[in-house]
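Here's the structure, in structure tokens; my notes come after.
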Amino acid sequence: FYIDMAERGITDRPFFDYFNITTPEETQAAIDAYSWDKFNGSSVAAMGQMIGDLFFNCPSRDIAVSAATSGFDGKIFVYHFGQLSKCDPAYRNGLMNVANITYTNFTGHAGELLFVFGHVCEEDSNSSLDGNKKLSSEIMSRWANFARSGNPNLSNEEEAVEWLPVSVSDTSGMAAADPQYMYFTGEGGVMVESDTEKMEQCAAI
């Protein structure tokens, strides 16, 4: 069903009605923002990203910036998870092969939870397994620190990247929210100060 829906494309009228995209200008903006060309020709990857943005990514970015400008400046931390595991349902069920999803930063919804609880997938190759174990250790430490103190940074590890909170300066003159965030991959967490493409995608939907 999901693949059939994706193959009909994001211009499928019932789908656009659900997103409240009605005018020709709005339709074209959404098509441009989630062009299959941006996803190696995969309609499923484009559709999956659009749905994920609608329900999770874009609202989360809006909420983060809104909270930072409502008395919580310096206390809001945003992250994006981008490390594929062979235990991810999209990989295990064969969706990635069928849908021509080739990039290794693709993850399904809640794909980070295995890493949060230290359950690294033993099916991953040796080369990625070591990186995944290190990533899981970093995530667990950051989550624990945030739960204890409200600060997810790792003060005792010199190589750890500083996780910067959302700043009120992220809001000025933007078409959509553009908070800085920590991006977790097999190389560990890195800060992304601005994500213009995601801002434009959120503005389009």
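Only the coordinates and a few stated rules stand behind these numbers; no lab work does. Since the structure is predicted, the reported quantities are computational estimates derived from the model, not experimental observations. Methodologically, a virtual Cβ is constructed for each residue, glycine included, from the backbone with ideal geometry; neighbour enumeration extends over all protein chains shown.
Points to keep in mind about this one:
- Working value for the chain: equivalent-ellipsoid semi-axes of 30, 25, 12 Å, each the square root of 5 times a Cα gyration tensor eigenvalue, largest first.
- Note on the chain: helix-only mean residue ellipticity at 222 nm, from DSSP H runs of 4+ residues weighted -39500 (n - 2.57) and normalised by residue number, equals -12000 deg cm²/dmol.
- Taking a straight Cα-Cα cut-off under 23 Å and skipping sequence neighbours fewer than 8 places away in the same chain, the lysines within cross-link reach of Lys133 are Lys86.
- Debye intensity ratio I(q)/I(0), log10, the stretch 28-70, q values 0.20, 0.30, 0.33 Å⁻¹ (C-alpha model): -0.65, -0.96, -1.04
- Global form of the stretch 82-152, assessed from the alpha-carbon gyration tensor, a/c cut-off 1.5: prolate
- Using all pairs of distinct alpha-carbon atoms, the Kirkwood hydrodynamic radius of the stretch 58-116 works out to 13.5 angstrom.
- Comparing Val166, Ala147, Val44 along the charge dipole axis of the chain, the residue lying farthest to the positive side is Ala147, per the Cβ-charge model.
- For a modelled paramagnetic label at Lys134, 7 Å from Cα along Cα-to-Cβ, the residues of the stretch 182-196 in reach, with backbone nitrogen under 12 Å, are 185-189.
- Residue-span extension gain [Glu26 to Ala160] - 0.36 nm each, minus C-alpha spacing: 44.1 nm
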